[in-house]
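Below: one structure, written as structure tokens.
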Amino acid sequence: MKFVTRRLTTMAAAAAASLLLSTGCGAGGNDAKDPGADGETTTVSLMLNWYPYGEHAPFYYGVQEGIFAKHGIDLDISAGQGSTKTTQATGSQQTDFGWADTPAVLSNIDKGVKVKSVGVFLQTTPSAVQVFADSNIRTPADLAGKTIAVSAGDAPTTTFPVYLDKAGVAADQVTQQSLDSAGKMSAMLSGRVDGLIGFAHDQGPTIANKSGREVRYLRYSDQGLSFFSNGLIANEATIESSPELVQAMVDATSEAFAAAVAHPEAAVAAMEGKDPQLPPQEVLLQQWQQTVPLLSTPETEGAAPGTNSEADWRATVEVLSNAKLLDKAEDPAKYWESAFTPTSKP
């Protein structure tokens, strides 16, 4: 059976949905036919949260190894320019699926963007204060009197006061300098700031490679502050009209992540030549290796990648609400379509 894509007209979408119901196919259904069983594939677009880096290795590896094709998907991967833009592009159906940071997804849903998460894969936040290991900043207490580069409005910056509070550091003791992603790294490399806030599995290995100096991470999770990060999102219309496609994408992504965990060097090698801004292979490998520990929580340990826990979802919503990224703590069902649990075994 070939997929029903987002490009269907309203009438065709309705007919397809009726066909899926009549044949017993549906999201997460045990009797659903494997969409790739007939050897056909449908081109499916995925917009990343940013330019490709090590975290994204499973997608390229999954394409190379035929994992997505096995599930009936001819995956077309494009770079993003931030999770908010990816979420909005998914909401306006410029892309079939997005890969975006959960805080940005939830914030945009509250603003009316018609998307939902269909599975978070980075389930422990990579947010961290990043400093050079040869600096005098060894603990959160050492941040007092220092200047840290931030990006106004993003999740690591918005939750920074919560991190400082948990670490027992007064927020007014730390100077924040607002810069974009490239500006933050440039400022740290040149010594204009004492460190930066961002994703430890992204900027850190790049800074270490460019400077030749080791980077130290003061991770939010080390202070008991954690929340969901990057995962798959889909337009609500796609979820409603093409649940079989969504389930196949979730399953293929889960399988690709498991394969990349088992074969890290091969996974990052699959990225070679895929983007002109790609970091060196050794940086990609470090980025991917730092991603692996983020793929589960105590609630999902041992489950297939992308398996989400309602308890983790509720904890994430509560953290983001307390940090004023969300107006109030809503039920996770507003943001997460729980039907699409990965059916592949870890």
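Structure notes:
- Sparse-neighbourhood loop sites, trypsin sites (Lys or Arg not before Pro) in region 248-328 - DSSP loop, at most 10 other Cβ within 10 angstrom: Lys328
- Accessible area of region 70-116 belonging to carbon and sulfur atoms, whole % at 1.4 Å probe: 41 percent
- Per residue accessible area in Å² of the chain, where ligands, DNA and RNA are left out and the probe is 1.4 Å: 41 Å²
- Apportionment of accessible area to carbon and sulfur, region 134-174, percent (1.4 Å): 47 percent
- Under 15 Å from the Cα of Lys274 - aspartates and glutamates, other chains or at least 8 residues apart: Glu55, Asp76
- With R₀ fixed at 30 Å, the C-beta to C-beta distance from His263 to Glu236 puts the FRET efficiency at about 0.30.
- Here the Karplus curve 6.51 cos²θ - 1.76 cosθ + 1.60, taken at θ = phi - 60°, turns the phi angles of region 76-83 into couplings of 10, 9, 10, 6, x, 9, x, 5 Hz, with x standing for Gly and Pro.
- Carbon and sulfur %, accessible surface of region 203-346 computed with the full protein complex present, 1.4 Å: 47 percent
- In plain terms, the chain is cut at each of the GluC sites (Glu not before Pro) found in a DSSP loop with at most 13 other Cβ atoms within 10 Å, and the longest leftover piece is 41-213.
- For the chain, the relative contact order comes to 27 percent (Cα pairs under 8 Å, sequence separation of at least 6).
- Between Ser321 and Ser178, the modelled labels are 2.7 nm apart [label points 7 Å from Cα along Cα→Cβ].
The values are calculated or read from the model by the stated rules, or taken from the named source; none is laboratory data. Computed from a predicted structure; not experimentally measured. We place every Cβ from the backbone using ideal geometry, glycine too, and count neighbours over all the protein chains shown. Only protein heavy atoms, including side chains, enter the accessible area calculation; ligands, DNA and RNA are left aside. Shrake-Rupley method; radii C 1.70, N 1.55, O 1.52, S 1.80 Å.
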